[in-house]
Amino acid sequence: MLKIKQLGLKFFSIRFYSSDAIRVRFAPSPTGYLHLGGLRTALYNFLFSKSKNGTFILRIEDTDQSRLVDGAIEQLVKDLTWAGIEIQEGPKVGGNYGPYIQSQRLDLYREQIEKLLNNGSAYYCFCTERRLDLLRREAIKNREVPKYDNKCRHLTTEEIKKNLEKGEKYCVRFKLSSDVTSYEDLVYGKITYDVALNEGDPVIIKSDGYPTYHFANIVDDHFMKISHVLRGLEWQISTTKHIQMYRAFGWDPPNFGHLPLLLNSDGTKLSKRQNDIKIAHFKEKGIFPLALLNYVVNAGGGFEKDLQQNVKMRIHTIDELANGFDITRLSTHSGRLMPELLFEFNQQELKRLLKNEHDEKELLKEVVSLLQEHFKKSSVDSNLQLDEDHIRSILHWSVNRITKLSDLLKNDMLFLWTMPKSCKLKEHDINSITELLKELEVQDEFSREKLAKFLKKFADQQNIKYSMFMKTLRSVLSGLKEGPSIAEMMELLGKNSTLYRLRMGMKVNQS
Ligand code: GLU
């Protein structure tokens, strides 16, 4: 008997593997914001479906009404979209298998529970909270794992009828068995867990009429024609229970694969309370979506050998990741995030974006709004230089020095956008700068190489100390003590701004 069942299971796991039927879902509870662990699950589902021309579905599991957070669904959709994960079916986009929010599918659950009650796979339970509490205490006293003793399994039809007529409060429980104790996990291989030995019969419809996660989850996976369930490792222990429920309905279960834990670099657990694992937080910090995806993928693996080795070296686009995705290569060891790589990926992504005209334009807009915001807040009464050419040349120049756009607002970069404050010049400096202005005016090429040579020669000809003169020029051009070389600064500022700044520096001293 057992053998036949196991064979049956094997049959289930290959059944759905044809590419036209690949349907996966990300099924979060709207209890907060999307965090790194959730993003990882969503991403791997997305890559899997994309690699097989499948469909990625967002389903909201909100049957625990006490844990809802206002606006969480909108934020989830926003965060996923920002990350580049395209929702093909879901609450906002719709689809043929909706609604995609469980609280809007209660009629379906009500209809389906009847089937299990009628075929004897589920039963009414009238045990009171008080009784359950006593059971729990008793177990703890005896140093046993607390579990329901399945008492109401044995109620007669008469007793049930009477209780229902009396209006007794009830829930519905699923009858666990030891018939299904193992399944083939797409990531971990054969998993054996006799759930009936470890748990009492689980509640599937609560006394408030809402289904529990386990019931709604499998009903929805079935009716939404989900072919592959890829979810966090914490759900692996529930899988034989879920397969038993599919059996009870006479349905084929989907394929199951569990994703290993994602940990901090020191091996500690990522906590939802850690503010810095919220996706919105990374966005605010100036992390580009693709950099974040590469960061997550780097900790998890699951790619063809070449790509896997390359993951640390360069940023991969979603298409590249999807093409190289191979679920059988997913590690079964916990993945560790390496925070030091996050900004490295971000810099690589910045470079990649600058290579594309459209992306470059978007970056320019972003820089303008960052600068405007910054200077509005700092209430510096300054002359800003925000023309496109200026910003473009600065971005290209700075790309090896910055890891995120907001680095352009660091103190030593501010000279690029604002006129320096006036500085006191000595008479010999004024004379040198007057001469320099004359020569710079006729200088055609304003490249750093040319300027570097020119400045050296100029100092020689004028018989002035080169390093001292550079220090003076730095103050006049930027108002700063450190920064790029003067030739580089001049190139960055361009001829007009350079001459303008030099003249202004002189003017202040002459007046
Ligand atoms: N709602 C569950 C969660 O919050 C989904 C688990 C599953 O994918 O089956 O993670």
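Every number in this text was worked out from the coordinates using simple rules, so none of it is lab data. None of the values given here were measured: they were computed from a predicted structure. Heads up, the Cβs are rebuilt from the backbone with ideal geometry, glycines too, and the neighbour counts pull from every protein chain shown.
Figures for the structure shown
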quantity	calculated
DSSP-loop trypsin sites (Lys or Arg not before Pro) across segment 415-473, with at most 11 other Cβ within 10 angstrom	Lys421, Lys424, Lys426, Lys465
By average C-beta atoms within 10 angstrom, highest first, the peptides 63-69, 127-133	63-69, 127-133
Per-selection metrics, the chain (Cα): Rg and Dmax in Å	32.4, 112
Calculated FRET efficiency for the pair Lys141/Ile237, C-beta based, R₀ 25 Å, to 0.05	0.50
Proximal charge balance of Ser29 [Cβ under 11 Å; K/R count +1, D/E count -1]	-1
Estimated inter-spin distance, Asn119 and Leu155, nm [label 7 Å along Cα→Cβ]	2.2 nm
Folded to 0 to 90 degrees: helix 388-398 orientation relative to the chain principal axis, Cα	80 degrees
222 nm mean residue ellipticity, helices alone, for the chain (DSSP H n ≥ 4; -39,500 (n - 2.57); rounded to 500)	-15500 deg cm²/dmol
Under 5 Å, built H, 5+ apart or other chain: amide partners of Arg336	Leu263
Between 0 and 90°, nearest 10: helix 129-141 axis offset from the chain longest Cα axis	80 degrees
Sparse-neighbourhood loop sites, GluC sites (Glu not before Pro) in segment 392-501 - DSSP loop, at most 15 other Cβ within 10 angstrom	Glu445, Glu482
Sites matching trypsin sites (Lys or Arg not before Pro) across segment 342-377 that sit in DSSP coil, with at most 14 neighbouring C-beta atoms within 10 Å	Lys355
In Hz, Karplus ³J(HN,Hα) per residue of segment 113-120 (6.51, -1.76, 1.60; θ = phi - 60°; x = Gly, Pro)	5, 4, 4, 6, 5, 6, 8, x
Highest average packing first - 497-503, 409-415, Cβ atoms within 10 Å	497-503, 409-415
HN-Hα J in Hz across segment 331-341 - Karplus 6.51, -1.76, 1.60, θ = phi - 60°, x for Gly and Pro	6, 9, 7, 4, x, 10, 6, 10, x, 5, 7
Cα long-axis angle, helix 239-249 against the chain (0 to 90 degrees, to the nearest 10)	50 degrees
Under 14 Å from Lys361, Cα to Cα: aspartates and glutamates that are on another chain or at least 8 residues apart	Asp387, Glu388, Asp389
Over the chain, relative contact order from alpha-carbon pairs under 8 Å, at least 6 apart, %	13 percent
Sequence ranges 395-407, 50-62, ranked by mean other-Cβ count within 10 angstrom, highest first	50-62, 395-407
Vicinal HN-Hα couplings computed from phi for segment 210-215 (Karplus, 6.51 cos²θ - 1.76 cosθ + 1.60; Hz; Gly/Pro x)	7, x, 8, 3, 4, 6
log₁₀ of I(q)/I(0) at q = 0.14, 0.16, 0.18, 0.19 Å⁻¹ - segment 182-246, Debye sum with one point per alpha carbon	-0.45, -0.58, -0.73, -0.81
Charge tally in the Cβ shell below 12 Å around Asp149, where Lys, Arg are +1 and Asp, Glu are -1, Asp149 excluded	+2
Under-5 Å amide H pairs with Phe256, H placed in peptide plane, nonlocal only	Leu186, Val229
Residues whose placed amide H lies under 5 Å from that of Arg25, excluding near-sequence neighbours	Ile57, Leu230
Unmatched cysteines, the chain - criterion: no other Cβ of a Cys under 4.7 angstrom	Cys127, Cys171, Cys423
Environment charge at Met224 (Cβ cut-off 15 Å; Lys +1, Arg +1, Asp -1, Glu -1)	+1
